[in-house]
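Engineer: Before we start, here is the structure in question, set down as structure tokens.
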Amino acid sequence: MLADFDEFATATLYEVVGDDGLLDPTIRPVVPNMRLCGRAFTVRTKPNDSLPILKALELAEMGDVIVAETGNTVFSTVWGASSSRMAVRKGLAGFLCDGAVRDFHDLVAVGLPVFCRGIYAKGTSKEYPGEFGIPVRIGGVEIHKGDIVVADADGVIRILRSLEETTLKLAKEQRERERRRDERIDQGESLLFIVMGSTTIGSTRESD
């Protein structure tokens with residue numbers, strides 16, 4: 001199932017899941033070409049406390065994405081290059097948080113996909129015991145352990161575990177519509193006509 005979802009752009013998946021599954025646009029990849037797809041391993045910590053993150057690195061399994069609720073602020077740094085190195089060693093699929101990360105150049109060199117609110121050099125404490133495998137709220141969207149997370153330069157999408165098969169079916173149908181649309185453009189048709197059914201300016205129909 002994960003391999004199937006990894007074929008889709010988040011913009012295509014958005015057309016299926018809508019706003020309920022689309023995270024806040026301020027949560028971005030550290031560099032634009034990063035992409036992740038995996039099952040969420042959820043963790044909650046306090047701002048600037050990385051102890052739960054270190055524990056999550058031990059508990060998460062191959063292919064998981066660590067999804068961390070960290071206080072919803074760019075001033076909450078909880079991840080760096082050493083964490084990325086450990087995640088790669090364990091075969092994790094990526095890291096997603098509503099806070100910040102640091103060690104930018106080294107982190108990018110390691111290559112693990114990392115999505116966050118920003119880069120901030122602040123160090124961390126290691127005191128809070130943390131909560132694991134619980135629902136977390138990241139970028140305005142509730143994510144449960146085992147939900148699929150897909151992220152690329154356009155944004156981050158959560159796919160509910162209970163709706164995976166339905167979402168995949170609808171995503172394939174959406175991708176086919178997009179393919180046919182682009183084919184018609186290449187054949188010389190007007191995008192306005194393809195989307196609206198008319199080339200009359202001022203039509204009130206919604207766009208595709």
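The values are calculated or read from the model by the stated rules, or taken from the named source; none is laboratory data. Nothing here was measured: the structure is a model prediction, and the numbers come from that model. Methodologically, a virtual Cβ is constructed for each residue, glycine included, from the backbone with ideal geometry; neighbour enumeration extends over all protein chains shown. These accessible areas exclude ligands, DNA and RNA; they are computed on the full protein's heavy atoms, side chains included. Shrake-Rupley method; radii C 1.70, N 1.55, O 1.52, S 1.80 Å.
Engineer: Cα convex hull of the range 43-120: mean projected area in nm², to one decimal?
Structural biologist: Averaged projected hull area, Cα only: 4.0 nm².
Engineer: Another question about this same structure. Based on Cβ point charges of +1 for Lys and Arg and -1 for Asp and Glu, what charge dipole magnitude is obtained for the range 49-208 about its Cα centre, in debye rounded to the nearest 20?
Structural biologist: 180
Engineer: What lysines sit close enough to K55 to cross-link, taking a C-alpha to C-alpha distance under 21 Å and skipping anything fewer than 8 places away on the same chain?
Structural biologist: K46, K90, K122, K126, K145
Engineer: Whole angstrom only: what separates the Cα centroid of the range 8-39 from the Cα centroid of the range 139-165?
Structural biologist: One Cα centre to the other: 8 Å.
Engineer: Of L163, L57, which has the most accessible area and how do the rest follow, probe 1.4 Å?
Structural biologist: Numbers: L163 80, L57 5 Å².
Listed by decreasing accessible area, they come as L163, L57.
Engineer: With every atom except the alpha carbons ignored, what do you get for Rg and Dmax of the chain, in angstroms?
Structural biologist: For the chain, the Cα radius of gyration and maximum Cα-Cα distance read 19.0, 63 Å.
Engineer: Let me ask something else about it. Rank-order 69-79, 85-95 by packing density, defined as the average count of other C-beta atoms within 10 Å over each peptide's residues, highest first.
Structural biologist: Ranked by mean Cβ neighbours within 10 Å, highest first: 69-79, 85-95.
Engineer: Just to be sure I understand the model, the point goes 7 Å from the Cα along the line to the Cβ. What's the resulting E58 to H105 distance in nm?
Structural biologist: Between E58 and H105, the label points sit 3.3 nm apart.
Engineer: Let me ask you something else. Out of the range 119-208, which trypsin sites (Lys or Arg not before Pro) are coil in DSSP terms and have no more than 10 other C-beta atoms within 10 Å?
Structural biologist: Loop-located and lightly packed - R205.
Engineer: As a test question: what accessible area, to the nearest 10 Å², does D64 have when a 1.4 Å probe is rolled over all protein chains in place?
Structural biologist: 30
Engineer: Of T70, F95, Y128, which is farthest on the positive side of the dipole of the chain, counting Cα position, with +1 on Lys and Arg Cβ, -1 on Asp and Glu Cβ, and the Cα centre as origin?
Structural biologist: Checked the options; the winner is Y128.
Engineer: Further question: For the range 75-192, place one equal point scatterer on every Cα, skip the solvent, and apply the Debye formula. What is log10 of I(q)/I(0) at q = 0.12, 0.15, 0.18 Å⁻¹?
Structural biologist: Per q value, in the given order, log10 I(q)/I(0) is -0.62, -0.84, -1.05.
Engineer: Let me ask another. Rounded to the nearest 5, what % of DSSP beta bridges with both residues in the chain are antiparallel?
Structural biologist: DSSP beta bridges in the chain are roughly 50 percent antiparallel.
Engineer: For D186, put the label point 7 Å out on the Cα→Cβ axis and report which residues of the range 137-178 keep their amide N under 20 Å from it.
Structural biologist: Label zone hits: 172-178.
Engineer: Once neighbouring chains are kept in place and the probe is 1.4 Å, which whole percent of the accessible area of the range 1-106 is contributed by carbon and sulfur?
Structural biologist: The computed percentage sits at 52.
Engineer: Quick one: accessible area per residue over the chain, 1.4 Å probe, rounded to a whole number of Å²?
Structural biologist: Result: 51 Å² of accessible area for each residue.
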